[in-house]
1. I need a count of the residues in the range 12-46 that are in contact (Cβ under 8 Å) with a residue 24 or more places away in the chain and aromatic (Phe, Trp, Tyr).
2. Does the range 8-21 hold any residues that are open to solvent by less than 70 Å² (accessible area, probe 1.4 Å) and closer than 15 Å to residue 54 by Cβ, and which are they?
3. Given the condition in contact with a Leu (Cβ under 6 Å, 6 or more places away or on another chain), in a helix (DSSP H, G or I) and not hydrophobic (A, V, I, L, M, F, W, C), answer yes or no: does some residue in the range 20-41 qualify?
4. Which ones in the range 42-81 are open to solvent by 80 Å² or more (accessible area, probe 1.4 Å), touching a Ser or Thr at 6+ places or on another chain (Cβ under 9 Å) and either within 22 Å of residue 17 (Cβ to Cβ) or outside any helix (DSSP H, G or I) (or both)?
5. Restricting to the range 25-41, and then to whatever is closer than 15 Å to residue 15 by Cβ and not hydroxyl-bearing (Ser, Thr, Tyr), can you tell me which residue is most open to solvent (accessible area, probe 1.4 Å)?
6. Find all pairs meeting these conditions: Cβ atoms under 9 angstrom apart; at least six residues apart or on different chains; first residue within the range 64-78 and in contact (Cβ under 8 Å) with a residue 12 or more places away in the chain and among the hydrophobic types (A, V, I, L, M, F, W, C); second residue open to solvent by 80 Å² or more (accessible area, probe 1.4 Å) and in a loop (DSSP other than H, G, I, E, B).
Amino acid sequence: MVHFGIGPLKFLARLEEDLGKKICNISFAYAGTSTGSIIAAGLNEGYAAYELFDLYKNNLKKIFTKYSWCKRLDPKCPTYDNSNLKKLLEDKFKRKDY
């Protein structure tokens, strides 16, 4: 499975490597949608881009767990179950005010 939202994260990790500094130490504002918003939150928490990339890479199957086909017959049912992602974010991101 390829998830295109983490492509920019790989770029940021390479940029950090080239600059010798974490993105969170040279920038102060982040924005994103979907995976980008999670990346933005991680940078805001002080994570290095490579740490966030590894977080995704190591948890990809858990993060993108599809609901069963019978549950997805309901048109209102999303494709993916976000409960594993929610738990991962609660464990990794300590701030609760965003």
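The values are calculated or read from the model by the stated rules, or taken from the named source; none is laboratory data. These numbers come from a predicted model, not from an experiment. Note that we place each Cβ from the backbone using ideal geometry, even for glycine, and neighbour counts take in every protein chain shown. Heavy atoms of the whole protein, side chains included, go into the accessibility calculation; ligands, DNA and RNA do not. Shrake-Rupley method; radii C 1.70, N 1.55, O 1.52, S 1.80 Å.
1. Residues meeting the conditions: 0.
2. 9, 12, 13, 16
3. As a first pass, look at the range 20-41 and keep what is in contact with a Leu (Cβ under 6 Å, 6 or more places away or on another chain): 23-24, 30, 39.
Pick out the ones that are also in a helix (DSSP H, G or I) and you get 23-24, 39.
Subsequent filtering for residues that are not hydrophobic (A, V, I, L, M, F, W, C) retains none.
No, there is no match, as no residue in the range 20-41 is in contact with a Leu (Cβ under 6 Å, 6 or more places away or on another chain), in a helix (DSSP H, G or I) and not hydrophobic (A, V, I, L, M, F, W, C).
4. 66, 80
5. Start the filter on the range 25-41 by keeping residues that are closer than 15 Å to residue 15 by Cβ, which leaves 25-27, 30, 39.
Pick out the ones that are also not hydroxyl-bearing (Ser, Thr, Tyr) and you get 25-26, 39.
Working: 25: 112, 26: 84, 39: 14 Å².
By that ranking, first place goes to 25.
6. 64/1
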